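These notes are about the structure you will find just below.
The values are calculated or read from the model by the stated rules, or taken from the named source; none is laboratory data. All figures in this text were calculated on a predicted structure; none of them were measured in a lab. For neighbour counting, all protein chains shown are included, and Cβ atoms are generated from backbone atoms with ideal geometry for every residue, glycine included.
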Amino acid sequence: MKYAHEHQEIIGVDKAITDLNTAWAAASEDMYKQNTPGGEASNGNEQARQDPSVNGNEDVTDVPFEEVK
């Protein structure tokens, strides 16, 4: 890709980007499967995001805030 970029070979850059996107898609799919039981989305992860006590983080404190426009 670096060679194609330095020599302004558009076809070479396009091919390199396509190859990179393909590799990234495969890697991100593998990472997703590793983080979910059975390779499927887990409702436990969603529940943990909504309810901090699920992860043992019961010391959550609400604090006052001011909306600035």
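Among the residues of segment 38-53, are any at pLDDT below 80, of a type in the set (Ser, Thr, Tyr) and surrounded by 10 or more Cβ atoms within 10 Å (Cβ to Cβ)?
Yes, segment 38-53 contains at least one residue that is at pLDDT below 80, of a type in the set (Ser, Thr, Tyr) and surrounded by 10 or more Cβ atoms within 10 Å (Cβ to Cβ).
Do we find that Val13 is touching a helix residue (DSSP H, G or I) at 6+ places or on another chain (Cβ under 8 Å), in a helix (DSSP H, G or I) and either within 30 Å of Lys2 (Cβ to Cβ) or at pLDDT 60 or above (or both) in this structure?
Yes: the conditions hold for Val13.
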